[in-house]
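First the structure, in the form of structure tokens, and then the observations on it.
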Amino acid sequence: MKRVFSGVQPTGNIHLGNYLGALKQFVELQNDHECIYCIVDEHAITVPQDPKELRKHILDVAALYMAIGIDPKKSIIFVQSQVSGHAELGWILCCNSYTGELSRMTQFKAKSGGKESVGTGLLTYPVLMAADILLYDTDVVPVGNDQKQHIELTRDIAIRVNNKYGDTFVVPDGRFMKAGARIMALDDPEQKMSKSAENIHSRISLLDEDSKIKKSIMRATTDSDGEIRFDPENKPGVSNLLNIYSALTGKTVEEILAGQSWRGYGDLKKELVAVTQEALAPIKQNYNEIRESEELIRVLKDGAERANAIAEPVMKRVRDKFGLGI
Ligand code: TYM
């Protein structure tokens, strides 16, 4: 069985982009892969976090993982900081990466743009991500399109180390969804949907109430020609709505448009509201039960132990290759 690893930052507001780009595939993969799903709290602190909020968000994301259908009997669910190999391997890989390649990452450029002094953690964020992946001899990494460059860097670092020290790491592949890989902001379809955008109507969070879902979709930015067709370049707003529809239902855009009698964007939006509310209802219901249950902590403790059991032999291999320790 191929091994899958992926992670989500515990920063609140997990949204439809996270779900359709990444989380939904996590569930699909667990039936025929060995899956490891992480809550990457060490990545979260690359920007300032309130400690109390961070602890809360870690459990929120763990509960969401289970609420969408990740089954802790099939998959490992754990918190990054509970397996020390992530930080240790992160450091070793930092010593095998270059500031040039890191400062070329689009996400780093976006977060550091215009600032005179930038946190080191923001620059080395993708190296820690490479460590997460390589620590488990991962074959497949399901992520959204925005992580493509980070996966490429992970592959580059793995190949570089293998060339220098002999076979050390498995070189992983990214896995990207067709429809959900890049969900755009509802208020500005030129930008990706993000957790941090100021306008709450730019995104739909997985736990949003039905009334909020309706409001955000009904006021989504479209265009003025009134024609419903999939054309991301010329009609990014409408295409984004169709994309969300497609990713939520599993239907292709052609299947969605065939046999529709929608007279305008309003009709499309109304139906998308219903589709979204229906898709998120069971997640919300499961979430509330799981978030309050004592099982959550047990799952995370057990997950950390199982993750560590896989990571430790890999770390031993790495230390031996590099000549670290005695
Ligand atoms: P995070 O928490 O920012 O995002 C979690 C996942 O959601 C995807 N995503 C999107 N997909 C489609 N459309 C969007 N608008 C959208 N916004 C976010 C992201 O691609 C991601 O898959 N760096 C990772 C966290 C990470 C990780 C790892 C992932 C740390 N270590 C190791 C995989 C393997 C991130 O972006 O998290």
Where residue 171 falls short, out of the listed (1) outside any helix (DSSP H, G or I); (2) open to solvent by 10 Å² or more (accessible area, probe 1.4 Å); (3) within 12 Å of the ligand (Cβ to nearest atom): (3)
Residue under evaluation residue 96, criteria (1) at pLDDT 95 or above; (2) within 14 Å of the ligand (Cβ to nearest atom); (3) surrounded by fewer than 23 Cβ atoms within 10 Å (Cβ to Cβ), criterion not met: (2)
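Here's the yes/no breakdown for (1) surrounded by 14 or more Cβ atoms within 10 Å (Cβ to Cβ); (2) closer than 24 Å to residue 192 by Cβ; (3) under 24 Å from the mean Cα position of the chain (by Cα):
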| residue | (1), (2), (3) |
| --- | --- |
| 245 | yes, yes, yes |
| 260 | no, no, no |
| 266 | no, no, no |
| 300 | yes, no, yes |
Qualifying residue in segment 225-243 (condition: open to solvent by less than 40 Å² (accessible area, probe 1.4 Å), in contact (Cβ under 8 Å) with a residue 40 or more places away in the chain and outside any helix (DSSP H, G or I)): yes
Segment 12-35: number of residues that are free of Cβ contacts under 8 Å to residues at least 12 places away in the same chain and among the small types (Gly, Ala, Ser): 0
Hits in segment 185-221 (condition: under 16 Å from residue 8 (Cβ atoms), of a type in the set (A, V, I, L, M) and either within 10 Å of the ligand (Cβ to nearest atom) or outside any loop (DSSP other than H, G, I, E, B) (or both)): 193
Cross-chain or 6+ apart pairs with Cβ under 7 Å, segment 105-130 first and more than 20 Å from residue 155 (Cα to Cα), then more than 14 Å from the ligand (Cβ to nearest atom) and in a helix (DSSP H, G or I): 118/112
Counted residues, segment 268-287 - those being among the aliphatic types (A, V, I, L, M) and open to solvent by 40 Å² or more (accessible area, probe 1.4 Å): 2
Conditions (1) open to solvent by less than 40 Å² (accessible area, probe 1.4 Å); (2) within 14 Å of the chain's Cα centre (by Cα); number of the one not met by residue 130: (2)
Among the residues listed as 182, 155, 104, the single one being within 12 Å of the ligand (Cβ to nearest atom) and open to solvent by 60 Å² or more (accessible area, probe 1.4 Å): 182
Enumeration of residues in segment 26-46 that are of a type outside the set (Ser, Thr, Tyr), touching a Gly at 6+ places or on another chain (Cβ under 8 Å) and under 22 Å from residue 183 (Cβ atoms): 27, 38, 39, 40, 43
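The values are calculated or read from the model by the stated rules, or taken from the named source; none is laboratory data. Please read all numbers here as calculations on a predicted model, not as lab measurements. Neighbour counts are summed over all protein chains in view; Cβ atoms, including those assigned to glycine, are modelled from backbone coordinates with ideal geometry. Heads up: the accessible areas ignore ligands, DNA and RNA and are worked out on the full protein's heavy atoms, side chains in. Shrake-Rupley method; radii C 1.70, N 1.55, O 1.52, S 1.80 Å.
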